[in-house]
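The values are calculated or read from the model by the stated rules, or taken from the named source; none is laboratory data. Since the model is a prediction, treat every value here as computed from it, not as a measurement. No Cβ is skipped: glycine too gets one built from the backbone with ideal geometry, and neighbour counts run over all protein chains shown. SASA here: full protein model, heavy atoms, side chains in, ligands and nucleic acids out. Shrake-Rupley method; radii C 1.70, N 1.55, O 1.52, S 1.80 Å.
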Amino acid sequence: MSLKPWDGRFSEPTNKAVEAFTASIDVDRRLYNYDIDGSIAHCRTLARAKILTRQEAVDLEEGLEKVRQEIARGEMAFCDRLEDIHMHVEDRLSVHVGDLARKLHTGRSRNDQIAVDERLYLKAETRGVLVQLKDFRTELVDLAEANIHVVMPGYTHLQRAQPVLFSHHVMAYYEMVSRDFDRFAAALDRMDVMPLGSAALAGTTYDLDRAYTAGLLGFSKISENSMDAVSDRDFMLEFAAAASICMTHLSRLSEELVLWSSAEFRFVDLPDAFCTGSSIMPQKKNPDIPELVRGRTGRVTGNLVNLLTLMKSLPLAYNRDMQEDKVPLMEIVDTLKACLDIYTRMIPNIRVNPEVTEKAANSGFQNATDLADYLVAKGMAFRQAHACVGKAVAYALDCGKELHELSLQDLQQFDPGIEEDVYEAMSVARMIDRRKVYGGTAGANVAAAIARARKQLVNSASEIPGA
């Protein structure tokens, strides 16, 4: 074969520095399986169209499988001269089948070839992410169920606000990750479009059965516009956006685990196997996993911006700029998968300290809203009740006490209608129980939420194609 597929047009060889600068093989070699799958499907389609004989198609397919095995065994020598995985496969194929390899590219361009490779790659990775999200959600549900009656402070502005159940707090993350699952599932549906047959940009004059090709490659749809098909990277952007949102959720959880495992909180103990120590301070137990997940969120978000910036000013159709899409995409995939994996392993080993969380739930005037609601039930307007309880809080602060530690006589100076039953109204258990109608903070409602979640997880398993 000639050194370059375009040698006929040029009068001098490509400069070595240009070869090094334009080569993408160090990145796109990861796509070799998908590139060979696409080539085998294209080969069969060419045979179906009588462009290849049946024997030629058989010989090409056997040769491609040999190339696949050589790459898998690490026997392929990669070089800048051949630029990308497409040319490496074709070059090595010629060793096995000779000049017959020259026929394989009939009716195809590297533009639609890389488009199908990337879609096949991202479809497989998205299915894997969906499985990971299902497993991660299962661990969250298990953690909630194991601590279903544990009480803790709920926060706004990182200030103690109202008591909640730890299980309810954890199930909030279940809801977040469930939305992540739905986003990736929707993205998978939209990336499931087969671009082969678009060629460089204007389609091909060969009578290729694109529906047949799509069926061979497991695509449910074929692209409608050849220019869009070779230049579309929306499927990458959508995956990257879903990954960024998912990582943001993991980062929020990470922040809470860092806080909760600190000596100032002591709400949870992280497993020793998922922490590290200090090189100088013997007592240290550092929450490195949550911190690294929190840090790597920026990497994923940055790569989303990278992809958006890459695509924002490109005219139709393919432009060489788009070669740069694989580095940020693959880093997003690798980072997301690694973070989901480590969290799915760590979550089951987290130990909650219920005595600490319950003590915290009984401090910081978290029953102030319930005292106001108590006064409303006695006939007071809420704004008036709010002001009344605010004065009671100020008085309690001066006394160095919590609201429920004030005597009945102390409380009655703010409203004489307050009676002995006020202490029941201000108890943590009663506060949580009263909210069971809405919000799911009571144990019975969290149990129902967990039951619904487990049913959703069973259903979501059937929603993952190929899982």
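Every residue in the range 309-325 that is part of a helix (DSSP H, G or I), loosely packed, with under 14 Cβ neighbours inside 10 Å and in contact (Cβ under 8 Å) with a residue 24 or more places away in the chain, please. Across the range 309-325, the qualifying residue is only R320.
Please find, within the range 100-112, the residue that is surrounded by the most Cβ atoms within 10 Å (Cβ to Cβ) out of those that are charged (D, E, K, R) and under 17 Å from Q323 (Cβ atoms). Selected residue: D112. The set of residues from the range 386-420 being in contact (Cβ under 8 Å) with a residue 24 or more places away in the chain, assigned to a loop (DSSP other than H, G, I, E, B) and within 49 Å of the chain's Cα centre (by Cα) comprises just one member, E402. Considering the range 212-227, and only residues there that are over 11 Å from H42 (Cα atoms) and of a type in the set (A, V, I, L, M), the residue that is farthest from the chain's Cα centre (by Cα) turns out to be M227. Out of curiosity, is R190 open to solvent by 70 Å² or more (accessible area, probe 1.4 Å) and on the phi < 0 side of the Ramachandran plot? Yes; evaluated as a whole, the condition is true for this residue.
Tell me whether the range 276-298 contains one or more residues that are at pLDDT 95 or above, in a helix (DSSP H, G or I) and within 23 Å of R30 (Cα to Cα). Yes, the range 276-298 has at least one match. Condition first: out of contact with any Leu (no Cβ under 9 Å at 6 or more places or on another chain) and either crowded, with 18+ Cβ neighbours inside 10 Å or not charged (D, E, K, R) (or both). Now tell me which residues in the range 167-182 satisfy that. Within the range 167-182, H168, H169, A172 qualify.
Among the helices (runs of 4 or more DSSP H) confined to the range 210-273, the ones with at least 1 residues that are open to solvent by 30 Å² or more (accessible area, probe 1.4 Å) and farther than 25 Å from E118 by Cα are located at 234-260.
Can you find even one residue in the range 166-183 that is among the charged types (D, E, K, R), part of a helix (DSSP H, G or I) and over 30 Å from L253 (Cα atoms)? No, because not a single residue in the range 166-183 is among the charged types (D, E, K, R), part of a helix (DSSP H, G or I) and over 30 Å from L253 (Cα atoms). Within the range 357-385, restricting attention to residues that are within 38 Å of the chain's Cα centre (by Cα) and farther than 23 Å from S262 by Cβ, the residue that is least open to solvent (accessible area, probe 1.4 Å) is N367. Considering the range 118-129, and only residues there that are hydrophobic (A, V, I, L, M, F, W, C) and over 20 Å from I25 (Cβ atoms), the residue that is surrounded by the most Cβ atoms within 10 Å (Cβ to Cβ) turns out to be V129. Considering every residue within the range 280-299, establish whether at least one is on the phi < 0 side of the Ramachandran plot, touching a Pro at 6+ places or on another chain (Cβ under 7 Å) and of a type outside the set (S, T, Y). Scanning the range 280-299, I find no residue that is on the phi < 0 side of the Ramachandran plot, touching a Pro at 6+ places or on another chain (Cβ under 7 Å) and of a type outside the set (S, T, Y), so the answer is no.
Per this entry, M426 is counted among residues that are under 16 Å from R160 (Cβ atoms) and either in contact with a His (Cβ under 6 Å, 6 or more places away or on another chain) or among the acidic types (D, E) (or both). Within the range 274-297, restricting attention to residues that are under 16 Å from the mean Cα position of the chain (by Cα) and not hydroxyl-bearing (S, T, Y), the residue that is surrounded by the fewest Cβ atoms within 10 Å (Cβ to Cβ) is G295. Considering the range 62-99, the residues that are among the hydrophobic types (A, V, I, L, M, F, W, C) and surrounded by fewer than 17 Cβ atoms within 10 Å (Cβ to Cβ) include one that is farthest from the chain's Cα centre (by Cα), namely V95. From the list A115, A146, the one residue that fits, being among the hydrophobic types (A, V, I, L, M, F, W, C) and open to solvent by less than 10 Å² (accessible area, probe 1.4 Å), is A115.
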